[in-house]
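Here the structure comes first, spelled out in structure tokens, and everything after it is commentary.
We did not get these values from a lab; they are worked out from the coordinates using the rules stated. Since this is a predicted model, take the numbers as computed values, not measurements. When we count neighbours, we look across all protein chains shown, and the Cβ atoms used for this are built from the backbone with ideal geometry, even at glycine.
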Amino acid sequence: MIPIESESKTKDGTPVIYVAKENLIPFMKEKKDEGFDMLLMVTGVDYVDHLEVVYHLLSTKDGKRLVVKTKTNEEVDSVTSIWPGANWHERETYDLVGVKFKNHPNLKRILLPEGWVGHPLRKNYPMDKKQYVNLGEDGEDKVSYDPKEGY
Amino acid sequence: MEKVVEVNFGPQHPSTHGVLRIKVKLDGEIIVDAQPVIGYLHRNAEKLSEMGLYPKALIYMDRLDYVAALNMELGYILSVEKLMDVETPERAQWIRMMMVELNRIASHLVWLGTHGLDMGMLTPFFYCWRERERVLRIFDEITGSRLLYNYFAIGGVYSDVTPKGLEMIKEFVNTFPDRLEEIQSIFQKSYIYAKRTKGVGKLSLEDAIGYGVTGPLLRASGLKWDLRKNQPYLFYDKVNFEVPVYSNGDVYSRFLVRIEEMRQSVRIVKQVLEKLPDGEFYNKKYAKPMLVRMKGNGESYVPTESPKGEFGVYVIGDGSTIPYRVRIRSPSFANLQAVSIMLKGYKIADLTATVSSIDPVFGEVDR
């Protein structure tokens, strides 16, 4: 048994389990063996003093659901080796929330262009600073704060 | 001599169903590798939802999957109602059920028409649009809009169904099955269609589950998993309907699943028309002036079966009138990720068939 930090329930009755980030990978492997074969989504939440990564699991055999959370400051292990579908979800969490996933096969921005400054879903993201995107000479996106430099 | 050529498919291409770009590596005409590139329609609906009151975020949900806007609204509304412990009158829930099923038909008709176009058939496109137009007129009559409705509200719906609207729905469900038969036969009597779709774009059940694929794609791969049956919300446990399952996992199976789902939706709408109870269509406690003062605390996620798969909105409240964090679980995002597996080893000509069989809508993929 992997030690857990605490246990609670969401408003809709799904169990929530907090796991220390060192124990995340063994805990997830254990849960997959228990029958949670589908990873529905990976999410990051910014609580200003720390970040939380949230995993929603589903067992297609008996319909059980489980929410796993882990607290981190920046980095957490990737679960792509357990569920291949985590790939895009982790990239999105990296892109928008700024959580770095260790051992991820291709940790690049997915929704925003490469070179974007900041992570929009952080609470301290400057909403009034616009960024402009243009296509550079080499075919890659260029991001700039100057409106003349892009669209 | 082997030479791999890299080809860009999209983002501006009539058969990408939006702004999808796929980087395809070709060996001759065999696809060696295909990497989808997304993000061209990104608006960050999640951040926008965190900037206003709870009822305000509803309009961003409409703009996710714009061909099935009511299904998107439902996912958000159910989560918020759970978060705030709001009770909804029975009539409102039956109305919601009827409306999302009609919207599912409209969404599948859009898919069927454009899928026909991708396969080089022009005729079914017009037939599908004709039928969809009738659904949109029903929505126009009941909600006041044709595409983006803003119809569901916390605690009910914004307006009651009108008698004329009910008449239009009755007429639609009585005539639609025959016309669907006609449209289906255009596809099924075509030798070319069968040749181009049978055994193409295969996705094994193992891969489908591993990649979080849900909805018609999962059912076409052989798993009987429909949230309306497995984890019923609204009153889906009080109506009779079947869940179509096929085990080939190819484009043709997905076509069959969606056609059958439309029939089952008609069945559900017919039963709702019989069972629709009298009463309030919204909870008077949560009338409009109250809505702006509603506070949410805790977190909730209510999964619903949208036309594309499992859709739900994970809402976290911090006790104020503004949501702290909103995460949209969109089915097309997860389904599209599996496209590289579906394409590998097939020919470049199968690419449009496979991509259109996923039914991606980019408002929902890019959010």
Once phi for every residue in the stretch A:76-84 is put through the Karplus expression 6.51 cos²θ - 1.76 cosθ + 1.60 (θ = phi - 60°), the whole-Hz ³J(HN,Hα) values, with Gly and Pro written as x, are 8, 6, 7, 9, 4, 6, 8, 10, x
Two pseudo-spin positions, 7 Å from Cα along C-beta at B:Lys56 and at A:Asp146, lie apart in nanometres by 3.5 nm
Taking a crude spin-label model, label points 7 Å out from Cα along the C-beta direction, the B:Ser204 to B:Arg130 distance in nm is 4.4 nm
Nearest-0.05 FRET efficiency for B:Gln35 and B:Asp237 at R0 = 35 Å, using Cβ-Cβ distance, is 0.25
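Hey, what number do you get for chain A at 222 nm if only DSSP H runs of n ≥ 4 count, each worth -39500 (n - 2.57), divided across all residues, to the nearest 500?
-4000 deg cm²/dmol
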If the label point sits 7 Å along Cα→Cβ of B:Ile322, residues of the stretch A:14-57 with amide N under 17 Å come out as A:46-49
Taking R0 as 22 Å and r as the Cβ-Cβ distance between B:Leu48 and B:Lys295, the FRET efficiency 1/(1 + (r/R0)^6), rounded to the nearest 0.05, comes to 0.65
note: the stretch A:1-85, Cα-Cα separations exceeding 15 Å make up a percent value of 57 percent
Note to self, chain B gives a 222 nm [θ] from helices alone (DSSP H runs n ≥ 4, -39500 (n - 2.57) apiece, / all residues, nearest 500) of -14500 deg cm²/dmol
Taking placed amide H atoms and a strict 5 Å upper bound, the residues 5 or more places from A:Met41 or on another chain that come that close are A:His56
To the nearest 10 degrees, the tilt of helix A:86-96 (Cα long axis) against the first principal axis of the alpha carbons of chain A is 50 degrees
Rounded to the nearest 10, the angle in degrees between the Cα long axis of helix A:24-33 and the longest principal axis of the Cα atoms of chain A comes to 60 degrees
Sorted largest first, the Cα spans of the stretch B:69-180 on the principal axes come out in Å as 50, 29, 21
Label model pair A:Lys129, A:Ile82: point-to-point distance (7 angstrom along the Cα→beta-carbon line) in nm is 3.6 nm
Per principal axis, largest first, the Cα atoms of chain B extend in Å by 74, 46, 32
FRET efficiency for B:Leu147 and A:Asn103 from the Cβ-Cβ distance with R0 = 56 Å, rounded to 0.05, comes out at 0.80
